[in-house]
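Asks: This structure is in structure tokens; I'll ask about it shortly.
The values are calculated or read from the model by the stated rules, or taken from the named source; none is laboratory data. No experiment lies behind these values; they were computed from the predicted model shown. In this analysis, Cβ positions are derived from the backbone assuming ideal geometry, glycine residues included, and neighbour counts consider all displayed protein chains. Side chains are part of the model used for accessible areas, which takes the heavy atoms of the whole protein and leaves out ligands, DNA and RNA. Shrake-Rupley method; radii C 1.70, N 1.55, O 1.52, S 1.80 Å.
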Amino acid sequence: EKLGAMVVGYSKAGEPITADDLGCGGALTVLMKDAIMPTLMQTVERTPVLVHAGPFANIATGNSSVVADEIALKLVGPDGFCVTEAGFGADIGMEKFFNIKCRYSGLKPKAAVIVATVRALKMHGGGPPVSAGKPLQKEYTEEN
């Protein structure tokens with residue numbers, strides 16, 4: 001019902017047009033029936049990877065799905081570990097990972113890896129202001 005009621009456009013008169021109006025609500029349901037299951041892939045190093053709803057399927061949180069994490073944790077067992085991506089930035093990824101995903105799922109990470117460049121640390125740690133269209137100051141381009 002929800003997919004059929006999804007508004008996909010508007011008529012010239014401004015009336016909403018739903019997927020059911022176009023007769024494709026059922027087809028959408030068939031396409032989505034397996035979407036709950038993550039896709040098993042592998043890295044170049046042949047490490048298994050579960051890809052599911054992230055990070056770009058839901059740019060609002062920038063996180064992979066709870067389903068993918070729970071499946072991965074079951075596969076590795078009690079002595080294994082699972083690495084999950086928590087977005088692309090402290091504001092759109094990390095905060096939502098800890099404040100939404102972890103609280104909702106009950107998952108409790110035992111470690112976090114923060115990837116940052118020296119330039120970013122300088123910019124957010126009191127370095128000179130950066131302005132679009134202006135060259136970077138030497139503090140950002142030279143070692144110190």
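Asks: Please list, ordered by first then second residue, the pairs with beta carbon atoms under 7 Å, 6 or more apart or interchain, first in region 109-126 and on the phi < 0 side of the Ramachandran plot, second assigned to a loop (DSSP other than H, G, I, E, B).
Replies: From residues that are on the phi < 0 side of the Ramachandran plot, the pairs are Met123/Val130.
Asks: Taking the condition part of a loop (DSSP other than H, G, I, E, B) and of a type in the set (A, V, I, L, M), does Ala120 pass?
Replies: On the way: part of a loop (DSSP other than H, G, I, E, B): no; of a type in the set (A, V, I, L, M): yes.
Spelling it out, it is not the case that Ala120 is part of a loop (DSSP other than H, G, I, E, B) and of a type in the set (A, V, I, L, M).
Asks: Is there a residue in region 6-23 that is part of a helix (DSSP H, G or I), in contact with an Asp or Glu (Cβ under 9 Å, 6 or more places away or on another chain), of a type outside the set (D, E, K, R) and open to solvent by less than 100 Å² (accessible area, probe 1.4 Å)?
Replies: No - not one qualifying residue is present in region 6-23.
Asks: Also, quick follow-up: Just give me the residues in region 116-134 being of a type in the set (Lys, Arg) and surrounded by 13 or more Cβ atoms within 10 Å (Cβ to Cβ), in sequence order. Give the steps one after another, and end with the answer.
Replies: We begin by selecting, within region 116-134, every residue of a type in the set (Lys, Arg); these are 119, 122, 134.
Hits for region 116-134 are Arg119, Lys122.
Asks: Among the residues of region 102-115, write down those that are out of contact with any Cys (no Cβ under 7 Å at 6 or more places or on another chain), surrounded by fewer than 10 Cβ atoms within 10 Å (Cβ to Cβ) and part of a loop (DSSP other than H, G, I, E, B).
Replies: Within region 102-115, Gly106, Lys110, Ala111, Ala112, Val113, Ile114, Val115 meet the criteria.
Asks: Okay, next question. Of all residues in region 83-101 being buried (at least 17 other Cβ atoms within 10 Å of the Cβ) and modelled with pLDDT of 80 or more, which is farthest from Pro48 (Cα to Cα)?
Replies: Lys96
Asks: Give the residue that is modelled with the highest pLDDT, with candidates limited to residues of region 48-64 that are buried (at least 18 other Cβ atoms within 10 Å of the Cβ) and over 8 Å from the mean Cα position of the chain (by Cα).
Replies: Filtering region 48-64 for residues that are buried (at least 18 other Cβ atoms within 10 Å of the Cβ) and over 8 Å from the mean Cα position of the chain (by Cα), the one modelled with the highest pLDDT comes out as Leu50.
Asks: Still on this structure, please answer the following. Show the residue pairs meeting these rules: Cβ distance below 7 Å; 6+ apart or different chains; first residue within region 1-13 and without any contact (Cβ under 8 Å) to a residue 12 or more places away in the chain and among the hydroxyl-bearing types (Ser, Thr, Tyr); second residue assigned to a strand (DSSP E or B) and open to solvent by 60 Å² or more (accessible area, probe 1.4 Å).
Replies: Pairs that qualify, where the first residue is without any contact (Cβ under 8 Å) to a residue 12 or more places away in the chain and among the hydroxyl-bearing types (Ser, Thr, Tyr) and the partner is assigned to a strand (DSSP E or B) and open to solvent by 60 Å² or more (accessible area, probe 1.4 Å), are Tyr10/Pro16.
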